[in-house]
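Only one structure is covered here, and it is reproduced in the block below.
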């Protein structure tokens, strides 16, 4: 071909590029652990164990592990996942003071904290010894 591309080689290259994009997308549709491992490997960070230790809401646990759940409203998925990722990576409670999260402590015993998701929906959790316990999705009314 002498430096020139035939029409067929251009089509093959284009389809290979599209297949590569599709493969990358399918990696990120997998479980949360796989996504975290890929991101940390890519950016050269050391992976530390997550902070979330237990869930009260089964649908929220399913959403966190797989990225989808029929037990959580579809319009809450993206915002809830963003907050769960932040919670899982937090070292201290101060790490959760991000604009838009409306992070605050709740009254009562045991001490619980809240991250605003959307409308009346909040993610609540207990913070013990640097870990989040009994993570729940609650509707405030």
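Here are the numbers for the structure shown:
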| quantity | calculated |
| --- | --- |
| Some residue of region 78-97 being within 18 Å of residue 52 (Cβ to Cβ), part of a loop (DSSP other than H, G, I, E, B) and touching a strand residue (DSSP E or B) at 6+ places or on another chain (Cβ under 6 Å) | no |
| Subset of region 66-79 that is without any contact (Cβ under 8 Å) to a residue 60 or more places away in the chain and in contact with a helix residue (DSSP H, G or I) (Cβ under 6 Å, 6 or more places away or on another chain) - its residue that is nearest to residue 136 (Cα to Cα) | 71 |
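For every residue, the table says whether it meets (1) touching a helix residue (DSSP H, G or I) at 6+ places or on another chain (Cβ under 8 Å); (2) modelled with pLDDT of 95 or more; (3) in a helix (DSSP H, G or I); (4) surrounded by 12 or more Cβ atoms within 10 Å (Cβ to Cβ).
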| site | (1), (2), (3), (4) |
| --- | --- |
| 61 | no, yes, yes, yes |
| 64 | yes, yes, yes, yes |
| 127 | yes, yes, no, yes |
| 135 | yes, yes, no, yes |
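The values are calculated or read from the model by the stated rules, or taken from the named source; none is laboratory data. Quick caveat: nothing in here was measured; it's all calculated off a predicted structure. Note that we place each Cβ from the backbone using ideal geometry, even for glycine, and neighbour counts take in every protein chain shown.
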